[in-house]
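Here's the structure we're looking at; comments come further down.
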Amino acid sequence: MSLSGKSALSSSSFDWSASRLGEPAAWPQGLRLAADLLFNTPLPMLLVWGRDMTVLFNSAYAELAGPAHGRLPGGNVPPVMPPPLAAAADELARAWQGEATLAAGRSLGFGGADHGGASRDLYFTPVRGAGGAVDGVLCALAAAEAPLMMAQDAGAGGPLDILVVEDNLDSQYLVCEMLRAFGHEADGVGHPNDALDRLAANRYDVLFTDVSLPGMSGVDLARRAVADAPGMRVIFASGYGDTLLRHVEFPYLSLQKPYELDQLQQALDQVAAALLGRA
């Protein structure tokens, strides 16, 4: 894979021998998923793991924060609380309690690429372990005006309303949180029957569904959804290429798993442009 012409990164791309986390092969699944998301997102991000506050961060955060705030990838307890965590202690505490939170318009006083002191919106996402407890918190940083700009570009006068259908709950959770960080509204379900209930009760701009689902294929789900709401746009995610999409009779976009975040954003941009042209 590549991201903006660069090689994609994952937790296995780094030497963790000096880190208190140890080798990635022994990490819990939630930590590996969150770390891989962290290293492959263009947004500056921190990951706080464990109540002892082990911190990881990506290159976008390192550039923003400047050299005084450590070197990629982290993996140790910082001597000083990172500015995004210090500036939003209440929101961080609520995230540890299992609530996704937003701290809007915080001035962080970085000395790196953010030397001008621009305010940032901080998105906190709890990361749950296998037993359901919150084992870590992701913090994504976005320019304070970014959600408004995203809403203006998204068509129909605001963010896209997206229903995510993915039976892998870890993937569903992370995709929904990234869509929210991009400025959109996202609901996630794991079963087609739950998706049909949501579609009957709510209006969505986009159905973003895995092709392979329990009980009903994503194609059949989308066919029923489009029949009931012809203006809805469909994005398929598939690990099997486009073989199962050959006879789809309605317009759609497809992403091949594992897809990159910029590919997802490009697909959403195409949907937003189509909705704007229809308005």
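General remarks:
- Amide H contacts of residue 58 (H built 1.01 Å from N, under 5 Å, at least 5 apart or other chain): 45
- For residue 53, no residue 5 or more places off, or on another chain, has a built amide H under 5 Å of its own.
- Qualifying trypsin sites (Lys or Arg not before Pro) in region 202-277, where qualification requires a DSSP coil assignment and no more than 13 other C-beta atoms within 10 Å, comprise 203, 246.
- Relative frequency of Cα-Cα separations exceeding 17 Å in region 169-279, percent: 53
- Environment charge of residue 123, counting only residues whose C-beta is closer than 14 Å and scoring Lys/Arg +1, Asp/Glu -1: -1
- With θ taken as phi - 60° and the Karplus curve 6.51 cos²θ - 1.76 cosθ + 1.60 applied, the whole-hertz 3J(HN,Hα) list for region 256-262 is 8, 6, x, 8, 9, 5, 6 Hz, x standing for glycine and proline.
- For region 211-224, 3J(HN,Hα) per residue [Karplus equation, 6.51 cos²θ - 1.76 cosθ + 1.60, θ = phi - 60°, Hz, x = Gly/Pro]: 6, 9, 9, x, x, 7, 6, x, 5, 5, 4, 5, 4, 5
FYI, it's all coordinate maths here, none of it is from the lab. Predicted model, so just to flag it, every value in this text is computed and none were measured. Quick reminder, even Gly has a Cβ in these numbers, built from the backbone with ideal geometry, and neighbours come from all protein chains shown.
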